[in-house]
Structures are given as C-alpha cells and as structure tokens.
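One structure below.
The values are calculated or read from the model by the stated rules, or taken from the named source; none is laboratory data. The shown structure was predicted, so the numbers you read here are calculated from the model rather than taken from an experiment. With ideal geometry, Cβ positions are generated from the backbone for all residues, glycine too; neighbour counts draw on all protein chains shown. These area figures cover heavy atoms from the full protein model, side chains too; ligands, DNA and RNA do not enter into them. Shrake-Rupley method; radii C 1.70, N 1.55, O 1.52, S 1.80 Å.
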Amino acid sequence: DLDITSGLRVYTTIDPKLQEKAEEIIKKQVETNKKLYGVSSAALISMDNTSGKILSMVGGADYFDIKNGWNNNMTLASRQPGSSFKPFVYATAISKNPIGGESPVGDTDTKFGSWDPDNYDGKFLWVMSVKNALSYSRNIPAWKMYFLAGQQDEIVSTMSRMWVNTLKKEKEYSYGWPLSLGAWEVRPIELMQAYSVLANNGIKKNVYSVSKIELSDGTIIEEQIDTPWVEVFSPAAAYI
C-alpha cells in the first residue's frame with residue numbers, strides 16, 4: 001500500500017511557454033471566429049512527433065466560463081474533421097495500389113451507382129495529378145481514392161492503427177463514401193496523432209501527457225517508458 005497522504009508530484013509533458021502561446025492564439029482566434037462566423041469556440045492541441053509528448057492543450061477560450069458553456073475540453077470532443085481527413089484516405093489507397101504523386105486522377109462528373117457527387121465549387125478540373133487533387137481538396141478524386149483504399153473497413157482499420165478509436169468497424173456503423181470527406185466525427189487529439197504519423201514517415205509514436213508520478217519522498221509510482229514505433233504506412237505513402 002502506498003501512503004499518499006503527504007501528496008504526489010505529477011510531471012506533465014506540457015511546455016509552459018508553448019502552453020502560454022497556445023492560450024494566446026486561441027483567444028485571438030475566438031475573436032476572429034465571432035466576427036466572421038458567429039462562433040465563440042476554438043481549441044488547440046500540439047505534440048512532439050518524435051517523442052509523443054503533448055506540448056500544449058487548450059480546450060476552449062475560457063474553461064472557467066460556465067455561463068457560456070466553455071468549460072469543456074474540446075480537444076477530447078468528437079467533431080467532423082472535414083477535408084482534413086482526406087490525406088488518410090489517400091494514404092490508405094496509395095499503400096494498396098501503384099499510385100504516385102504524379103499519377104493521374106479524373107476530377108470529372110462521375111456517378112457512383114446512384115450517387116452523383118459534386119465538388120464544393122460546383123466545377124470539375126478534369127484530369128490532374130494525385131498531388132494536385134489532394135492539394136486542391138477536390139471531392140471527386142477523394143471519392144475515387146475511397147474505393148481504391150478498399151472502402152470503409154480498410155480506412156477505419158488504418159485509422160485505428162493510428163489511435164483514432166471514435167471510428168468503429170462494427171456493421172451498425174455504416175459511414176459509406178461520406179467518410180472520404182470527413183463527414184464522421186473524430187476527436188482533435190486523435191487527428192493530431194494521425195497527422196504525426198504522416199510527419200514521421202508513416203511511423204506512429206504513442207501520445208502521452210504525464211511523464212512521471214512520484215511520492216513526496218521521491219519514490220516513483222508511475223513513469224512513462226519509451227514505447228516502440230509502429231509502422232502504419234510505408235515511408236513512400238507517407239511522403240506522397
């Protein structure tokens with residue numbers, strides 16, 4: 001049994017300078033959001049790709065503002081990622097097919113069975129490179145990558161290997177092609193780790209926020225140990 005009556009020392013991975021900067025950024029962003037969109041929320045979370053340490057976490061503009069409902073950590077809330085999800089659909093497709101950055105893909109009027117999707121601007125840019133299709137965030141190529149990736153189950157499996165657990169593989173969760181456009185919810189903290197995999201050439205490093213917990217006399221009762229790296233994508237797929 002441990003005597004914790006004299007208190008514990010908890011060492012977090014938060015960088016005080018980066019945390020202060022993150023809070024400053026969020027306050028400014030909330031003011032912008034209010035003016036442009038009539039929205040009073042924003043959140044920010046960052047990590048060190050190479051170690052997995054969370055460096056800053058701001059769940060909202062003012063956690064203690066209960067009146068306006070801001071006392072929630074929105075980095076842990078489920079939200080639609082939108083087009084920021086497309087790179088993972090592409091990466092899954094590229095991992096399974098001989099696709100390169102300069103491979104052609106048609107941004108054309110295409111029907112998928114009974115579906116007749118469109119781009120956000122209502123236009124079609126015709127044949128372009130995979131690189132440009134992703135850079136310009138074209139919807140039609142993203143849908144095509146969804147099918148080349150193996151559809152829902154393959155994409156969800158890929159995301160689960162990157163610690164994105166809000167997407168479920170069970171049959172009752174039928175996401176379908178809208179998954180390629182980020183129409184289903186994930187948590188910002190999960191999306192952060194998923195992007196770190198791309199930054200690490202396809203390798204996942206587990207994220208953590210507490211490095212050590214010890215008693216007042218210095219006895220360590222819990223300490224983060226270095227976890228092995230896990231390859232999710234090939235370096236080539238991550239690079240593209």
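Could you list, in sequence order, the residues of region 202-240 that are part of a loop (DSSP other than H, G, I, E, B) and among the charged types (D, E, K, R)? Residues satisfying the conditions are K205, D217, D226. Cβ-Cβ distances below 6 Å connect the following pairs, each with a first residue in region 167-182 that is within 17 Å of S114 (Cα to Cα) and modelled with pLDDT of 85 or more, a second residue that is assigned to a loop (DSSP other than H, G, I, E, B) and open to solvent by 40 Å² or more (accessible area, probe 1.4 Å), and a separation of six or more residues or different chains: Y175/W184. Of the residues making up region 199-219, those that are open to solvent by 10 Å² or more (accessible area, probe 1.4 Å) and more than 22 Å from L76 (Cβ to Cβ) are N200, N201, I203, K212, E214, L215, S216, D217, G218, T219. Taking the conditions exactly as written (more than 30 Å from I54 (Cα to Cα), in contact (Cβ under 8 Å) with a residue 40 or more places away in the chain, open to solvent by less than 20 Å² (accessible area, probe 1.4 Å) and not aromatic (F, W, Y)), does A93 satisfy them or not? No. The residue pairs whose first member lies in region 56-79 and is over 20 Å from E20 (Cα atoms) and of a type in the set (S, T, N, Q), whose second member is open to solvent by 30 Å² or more (accessible area, probe 1.4 Å) and in a loop (DSSP other than H, G, I, E, B), and whose beta carbons are closer than 8 Å, counting only pairs six or more residues apart or on different chains, are N68/S40; N68/D62; S78/T166; S78/E185; S78/R187.
Contact annotation: residue pairs with Cβ atoms under 7 Å, 6 or more positions apart or on different chains, pairing a residue in region 5-21 that is farther than 18 Å from D62 by Cα with a partner that is open to solvent by 60 Å² or more (accessible area, probe 1.4 Å) and not in a loop (DSSP other than H, G, I, E, B), are T13/K53.
For Y120, indicate whether it is closer than 28 Å to S196 by Cα, of a type outside the set (D, E) and exposed (fewer than 14 other Cβ atoms within 10 Å of the Cβ). In short, yes. Would you pick out the residues in region 184-196 that are in contact with a Phe, Trp or Tyr (Cβ under 7 Å, 6 or more places away or on another chain) and of a type in the set (A, V, I, L, M)? Listed by number, the list holds a single entry, A194. The residues in region 69-86 that are under 12 Å from S41 (Cα atoms) and surrounded by fewer than 17 Cβ atoms within 10 Å (Cβ to Cβ) can be counted, and the count is 4. Per this entry, D153 is counted among residues that are outside any loop (DSSP other than H, G, I, E, B), open to solvent by 40 Å² or more (accessible area, probe 1.4 Å) and without any contact (Cβ under 8 Å) to a residue 40 or more places away in the chain.
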